[in-house]
1. Which value in nm describes the separation of the simple spin-label points at B:Ser48 and B:Ser493, placed 7 Å from the Cα toward the beta carbon?
2. Before anything else, pin down the relative contact order of chain A: Cα pairs under 8 Å, at least 6 apart, normalised by residue count, whole percent.
3. Find the relative contact order for segment A:107-266 and round it to a whole percent, using C-alpha pairs within less than 8 Å whose residues are 6+ positions apart.
4. For A:Lys672, place a label point 7 Å from Cα along the Cα-to-Cβ direction in every copy; what are the distances to the other copies, in nm, shortest first?
5. Ratio of Rg to Rh for segment B:122-230, alpha carbon only, Kirkwood?
6. Note down the net charge around B:Ser538, summing +1 for each Lys or Arg and -1 for each Asp or Glu among other residues with Cβ under 12 Å from its Cβ.
7. Where the Cα atoms of segment A:565-638 are projected onto their three principal axes, how long is each span, largest first, in whole Å?
8. To the nearest µm²/s, what D does Stokes-Einstein give for chain A at 25 °C and 0.890 mPa s, using the Kirkwood radius over alpha carbon pairs as Rh?
There are 2 protein chains.
Amino acid sequence: GSDLLQQERNQSNLDVDKLAEFLFTKECLDRQDKLLNILRAEKVFDKSQNYFNGRNERILDALSRAKRLRQLSVQHAWTQEEYQMANELISEPTPYGLHASMFLVTLRDQGTPEQHNLFLEKAQKYEYIGCYAQTELGHGSNVRGLETTATWNQEDRTFILHSPHLTASKWWIGSLGRTANYAVVMAQLKINSKSYGPHPFVVQIRDLKTHEPLENVHVGDIGPKFGYNTMDNGFLLLNRVKVPHVNMLARFSSVDPQTGKYLRPSSPSLVYGTLTYVRSTIVMQAGSVLARGVTIATRYCAVRRQFQDRDAEGSDTGEDQVLNYTMVQIRLLPLLAATFALHFTGKGMMVLYQENQKRMAGDAGKASDTDRGAGPEELHPGTDLLADLHATSCGLKALASTTAAEGLEVCRRACGGHGYSSFSGIGSWYADYLPTTTWEGDNYMLTQQVARYLLKSARSVLQGTAADNDTTRILHHFLARQDMGAAFDVLTSDTDLVAAFAWRTAFLTFEALKHRDDDKKSWNSLLVDFWRLSTAHSQYLVVKNFHAALDDPMTKSSLDPETLSLLHKLFRLHALHTLEREASEFFASAATTVRQIQLAHTKAVMKLLEEIRPHAVRLVDAWRFPDWQLDSSLGRYDGKVYEDMFYRASELNPLNQVTFDPYPDSGILVRKDER
Amino acid sequence: GSDLLQQERNQSNLDVDKLAEFLFTKECLDRQDKLLNILRAEKVFDKSQNYFNGRNERILDALSRAKRLRQLSVQHAWTQEEYQMANELISEPTPYGLHASMFLVTLRDQGTPEQHNLFLEKAQKYEYIGCYAQTELGHGSNVRGLETTATWNQEDRTFILHSPHLTASKWWIGSLGRTANYAVVMAQLKINSKSYGPHPFVVQIRDLKTHEPLENVHVGDIGPKFGYNTMDNGFLLLNRVKVPHVNMLARFSSVDPQTGKYLRPSSPSLVYGTLTYVRSTIVMQAGSVLARGVTIATRYCAVRRQFQDRDAEGSDTGEDQVLNYTMVQIRLLPLLAATFALHFTGKGMMVLYQENQKRMAGDAGKASDTDRGAGPEELHPGTDLLADLHATSCGLKALASTTAAEGLEVCRRACGGHGYSSFSGIGSWYADYLPTTTWEGDNYMLTQQVARYLLKSARSVLQGTAADNDTTRILHHFLARQDMGAAFDVLTSDTDLVAAFAWRTAFLTFEALKHRDDDKKSWNSLLVDFWRLSTAHSQYLVVKNFHAALDDPMTKSSLDPETLSLLHKLFRLHALHTLEREASEFFASAATTVRQIQLAHTKAVMKLLEEIRPHAVRLVDAWRFPDWQLDSSLGRYDGKVYEDMFYRASELNPLNQVTFDPYPDSGILVRKDER
Ligand SMILES: Cc1cc2nc3c(=O)[nH]c(=O)nc-3n(C[C@H](O)[C@H](O)[C@H](O)COP(=O)(O)OP(=O)(O)OC[C@H]3O[C@@H](n4cnc5c(N)ncnc54)[C@H](O)[C@@H]3O)c2cc1C
Ligand SMILES: Cc1cc2nc3c(=O)[nH]c(=O)nc-3n(C[C@H](O)[C@H](O)[C@H](O)COP(=O)(O)OP(=O)(O)OC[C@H]3O[C@@H](n4cnc5c(N)ncnc54)[C@H](O)[C@@H]3O)c2cc1C
């Protein structure tokens, strides 16, 4: 194994350090090293039994790690970023997960200064440990359908929180099951029998001393899951639990304690912003999530040898590295390209987001509705620039997380049988990542929001009332040229390649608009078209962002020409492979001819695989995952795959301390147990 | 939930019992009921803690279930089929798995009568418990590359089995880790330093009394996996272990004990047959494997309600069942159609296989090479009919198991957040099924064999030396018509629809042939084309088989016209949805026009979804999975989804007996443990 990886690293002169620094900054890589050393020195973070342990052991381990991490964080005065990075190195969800993300953030963003005093300060000190309880057994995507009620009581100025049915039970709430003593509970606000929709309430659920549930609170862990088993996702039933007026988070809307009058949200577009921010993070992370799988599979497929190449000259050259088979390359290298594509896209979105936040700081937002996961056609984004960013973030979140999740399984399967072993390190990572396709907006649902936005934009373009932004520009362009046709030179011109993606989006947008506005088709009957439209648009955005990143003068000045040219090949592989997979929409929209697609395959994609192949190992090296983080026999930096598999199986595996009695008629099951 | 499923069942008059009997026979369904009653009565088969237990508990439970099942099998004198069916109801791999399948079968098929006496009889009585040890740490697909040696020793007429390197360690061997006391070991036969390739040897590995490994045998469990954790897949290193002459399984090839001369295989095509049989079984099972997921997701999506349909009249009709959303239908209903398509295809293959076996019984096979997973271009199937069936079985195994595995994940995700809970019953089923895409020939590797066969057939067609079979007929037809073009009426004629799939296969075959024979492209450079070709061909076979099954007079006489018409709609949905997904190859081959594909979507597929939708629940009911088998909160026959989720989480979940201490600075982790 070691020789082969050495050989791989010798055959390419890609400057790994330089690329890594360009991707992550030197500062960030140094920080990672520093943190890694701290974590490795602590026995509690030892990973060697992770794959063997059952859920009960794992979650307790995760709790003690979470505690220790918090201590270290205080001790070393880590920033939020450092704390986050340490968590990523540990690479397992912990029972503090939702406290550290959603609970603190919600208190901060949606609380008034008084509420910060009252709740946030204690929460920051981990005296209050909390969670974000929105989803119920009966409702997830449809937040408006939540059944938990918070009824205003003018007499004693309290709210009564209540779960009227079994389906009103909060469900899936991270950190709630066994850990949290507080929760932000989303409940239907009711004043004088009138409903005002879901609002956030701070509710204490467990005794701060005994950690037993308070009276009228029925709370617990929802049980094992496909992954995420180091987290205690929980349920919560409230039986007329009273909280004071101050427990309704009141930054955006509130109830006047004197009159019981409901006060309208003041600046919803800020919340809107948070959602956009969270989704941008998911896009950015998707690149690195996928890169873990690609790193493992690429290294392993360079070490794994199987069969001799029958066409090769000389027959005693030994077996071929499976990474040399084009059928392995076509599975892995486009994913390798996708990791960079997603990375640059996420970065691009973050920049846009931050620009917008600045612009908005003074400006009271004009967006009208902000609930995540609102129903079809219920969300009417304001006309400001944020609307474009919001739609973008929905579509990209869906595309990026689907790409990462499904890509990880492709990586796992590319490793053949050994990919199925826990020691591959891909399976558990995949299983833990999978819910990202469902939370923060189910990926299928999100596509409706993108379509709605595109339809709206198209209508405004047709009416001549459109704001000027990238989306309206591509729609305009299409309208101006559709009768002439396109004739994009996708095989040689990069800008034409990007333009072909834009053309397809525009074509599908106007098709959908025709169905909806002219043919008067029902919204439901068009969901499949909308999903395709959203996917097409998001693919365009990724291709555009990747292209823009390489075109950026900053990039050109930071990287040497060879690295740049390699990244450029990855860009082309990503775009052309996507084009090939989605060929029929490119034909149908007349963005390309059938012949071009065939050539894209035979002349371009297959050739790019060959050109990128020698650099594959160095390219994954540039993602800079420490072995400790990957925890993978197959993905080891030194290539000692088989030694590590054997060591884990024979030395670390507790089952080998148990001697079975295998005979059907003996009453004994275990003859010896030396664990 | 109950009301909604009742309503679903009322709105369709599909005769569920009749369809079920047609699919499985009444006898078979009665047998299932009988077995179910026996199993449910035994405490050892209680499933209620399965999802909560860790690997060590689960595998011990599985062992005691395997033992009890064996006892019941003896007690009730079950047939092999009944034993198999009971295992399917239990639905988890057990440590006896490989004994009952591969070990017994190999001894039976590859042993001489003397060897049957010596090994098979004891194995049938579970005195010898065995496994099939072929794969090694370093070699899986490439069986010829195995490193374990069996060296013939003329002096004392023994073989010495040896693992020369770490990578020679047997690996992945089911039932070997902790259970087996015997193994069939595939090893490179060496006589006088000459190598004769891999051959099967019977090797005792553990003491029959103490169950401790014998001297010079290093054996153990390989550790946890993505799924399949109730099975002890094992490793095995042999340090010059001696076995007598009789331990080489000698039905097909042998060593003359007097002279040490190697005796050539007599009738390899019989082994060839076994492989075909195993793969046909995988195809047939794939339908039912997938049907489990489709049953769960369909029932749940009929119970789950989320959002109101904005276009619907009357606004207080309550929320919509998510099964009404076309975006859910397009994910589930084509999979429902695929379950039937795979079922009929598997059945069709079995029939062909059995006919062939009969024909071959007298006939010495002419196939030349029979190792499963042989290398590229190494397998030269004989020219007999079996070659067609063999290639068919390779391609279909790959397509069917990929469809089932990936379809299960689509079903899981269609259930939204709750799909991620273990209680959905899909996740663990998926995880256990997944290796089917890798074993019995890695799905990507198998496609090379299909392509090789099709290229060969095309060459023989061009040379006018082709045998007459379905494959050569479609190639002939294409050659005769390619200049005229096709003009298939895929939207109204079923035979044209099937013919369009055949046309695409033929087109891709001749394209690939041109690349290989005229352009002299390397085998490796064409693997991606081969994979597509094999997929296209296999899709054709499934469409053809589904069509033939409905056209069969037996079918027509067994089913009422309404059921037939519904199955016919499923056929069309399956074929047209596949056509749409693979649109670009249908254009490129000129089998259809772009316009036809667009119409296939808007006019046909979307309409079929609507027509099939009301019958969805009854259609899955016809698969007749007992609740006990599904072990799913979401898939319950009675629709009591939420009640069951809540019950399992709050009553069965042991984690809720543990009270955490959540504070970072307290040294205590657990305050109370009442488990
Ligand atoms: C591991 C995990 C952790 C979580 N953590 C939290 C947490 O900490 N706090 C919290 O509040 N929540 C949490 N959630 C819940 C999560 O946010 C929801 O599961 C998610 O919003 C999806 O909602 P749902 O499960 O109700 O899906 P549903 O809305 O029920 O969707 C079911 C199916 O119907 C489809 N569908 C639904 N409506 C439509 C429509 N209008 N049109 C077309 N198709 C439709 C969906 O695409 C899906 O296929 C978590 C979930 C998971 C899995
Ligand atoms: C759960 C489980 C149970 C098993 N049980 C048993 C058992 O009981 N007994 C037993 O003997 N074995 C068993 N196996 C082993 C199984 O048969 C092998 O894993 C399988 O044959 C694949 O071989 P491999 O793992 O060596 O994959 P490899 O051949 O190493 O494949 C690795 C990758 O390279 C690709 N590749 C390899 N060669 C080529 C080529 N020439 N062209 C193109 N691509 C190529 C593959 O597609 C794959 O992506 C089991 C495996 C699993 C996962």
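None of the figures in this text is laboratory data; all of them are computed from the coordinates on show. Bear in mind the structure is a predicted one, so any value in this text is a computation, not a measurement. Quick reminder, even Gly has a Cβ in these numbers, built from the backbone with ideal geometry, and neighbours come from all protein chains shown.
1. Placing both labels 7 Å beyond Cα along the Cβ direction yields 6.1 nm.
2. Values: 1066 pairs, mean separation 103.4, N = 675.
Relative contact order here is 15 percent.
3. Details: 360 pairs, mean separation 40.6, N = 160.
Contact order relative to length: 25 percent.
4. For A:Lys672, the inter-copy label distances come out at 4.2 nm.
5. Working: Rg = 14.3 Å, Rh = 14.7 Å.
Ratio of gyration radius to Kirkwood radius for segment B:122-230: 0.98.
6. Details: positive: B:Arg279, B:Lys397, B:Arg504, B:Arg532, B:Lys544; negative: B:Glu582.
Around B:Ser538, the surrounding residues sum to +4.
7. In descending order, the Cα extents are 49, 21, 18 Å.
8. Working: Rh = 27.3 Å.
Estimated via Stokes-Einstein, D reaches 90 µm²/s.
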